[in-house]
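The values are calculated or read from the model by the stated rules, or taken from the named source; none is laboratory data. Quick caveat, the model's predicted, so the values are computed rather than measured. Ideal geometry is used to build each Cβ from the backbone, glycine not excepted, and the neighbour counts take in all protein chains shown. Remember, those area values only see protein heavy atoms, side chains included, never the ligands or the DNA or RNA. Shrake-Rupley method; radii C 1.70, N 1.55, O 1.52, S 1.80 Å.
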Amino acid sequence: MAETSTMPAFLVPGDSEPVIRLADARKTYKTGSIEYEALRGIDLTIRAGEYVAVVGPSGSGKSTIMNILGCLDTLTSGSYLLAGDNVEDLDEIDLADVRNKRIGFVFQQFHLLPSLSAWRNVELPMMYAGVHKDERRERAVAALERVGLGDRIDNKPGQLSGGQQQRVAVARALVTEPTMILADEPTGNLDSHSTEEVLGLFDELHASGRTIVLITHEHEVAARSRRIVHVRDGLIQSEEVLA
Ligand code: ADP
Ligand code: MG
């Protein structure tokens, strides 16, 4: 991490390896006899250290893209190379490893377990990743300190504001030191102050070399990224590179 953070930001996108390469990615959902083509041929390359926003109206296929990128769902046709590996060739154990260690997820609805304290929630991905018990608590507390919640480690989600809950979710996403953060409408349920806090954390993660894919339908949120991919009706409509 120290290595990448010293690399000038302008060198990162053009010079680094693609972490994500979608080629003619298609996804068809079948509900009974009805088929719906949610992705209709997406070509998308994202390089290590990029901060990319995927923007589009409701129903355009953003969450489908996130589920594919996060190996939570599979393509109907086309290919997805993750750090050079064809995801189709990975077995369940490899895929679980990718989801638990290489990718940190942040969702609109936080997805925290209500009966567990903040640090216990942050500990969970480390349990799946097989980190030793003593180390788990130490790292969970450090991650909560990093998101400014060092004084809330024993609070349950219900005792925290929406913004604080999303910061717990960000701590949970970064505690395994993943190379990539995938966030699906992470500020969709937050007020403007909490939105700013969460986007500030993403800025820091980007500065420390993480690849970030941020899904949003809000243009002000997308404007925090360095590249905006506009999606509509399951297709990429246009891309903008920001300064
Ligand atoms: P977005 O996140 O941009 O709002 P989604 O990727 O969630 O869009 O959905 C894209 C389209 O695919 C929508 O029309 C949605 O109704 C449909 N869809 C999403 N998930 C499913 C599913 N599990 N089964 C059937 N249709 C789905
Ligand atoms: Mg969605």
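Tell me which residues, restricted to region 49-63, are farther than 13 Å from Q237 by Cα and either within 10 Å of ligand 2 (Cβ to nearest atom) or surrounded by fewer than 21 Cβ atoms within 10 Å (Cβ to Cβ) (or both). Hits for region 49-63 are S58, G59, S63. One residue stands out among those in region 174-200 that are within 16 Å of ligand 2 (Cβ to nearest atom) and closer than 24 Å to A129 by Cβ: the one that is nearest to the chain's Cα centre (by Cα), which is L182.
Picking from G84, G78, which residue would you name as being more than 30 Å from S161 (Cα to Cα) and in contact with a Lys or Arg (Cβ under 6 Å, 6 or more places away or on another chain)?
Exactly one residue qualifies, and that residue is G78.
Scan region 210-226 for residues that are open to solvent by 10 Å² or more (accessible area, probe 1.4 Å), under 22 Å from F107 (Cβ atoms) and either within 14 Å of ligand 2 (Cβ to nearest atom) or charged (D, E, K, R) (or both) and the total you get is 5.
Of the residues making up region 18-38, not a single one is at pLDDT 95 or above and part of a helix (DSSP H, G or I).
A quick yes/no check of all residues on (1) open to solvent by 40 Å² or more (accessible area, probe 1.4 Å); (2) within 21 Å of R232 (Cβ to Cβ); (3) aromatic (F, W, Y):
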| residue | (1), (2), (3) |
| --- | --- |
| S16 | no, no, no |
| S33 | yes, no, no |
| L39 | no, yes, no |
| I65 | no, yes, no |
| G84 | yes, no, no |
| D89 | yes, no, no |
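Condition check: under 23 Å from N67 (Cβ atoms), touching a residue at least 24 places away in the same chain (Cβ under 8 Å) and open to solvent by less than 30 Å² (accessible area, probe 1.4 Å). Does I236 satisfy that? No: the conditions fail for I236.
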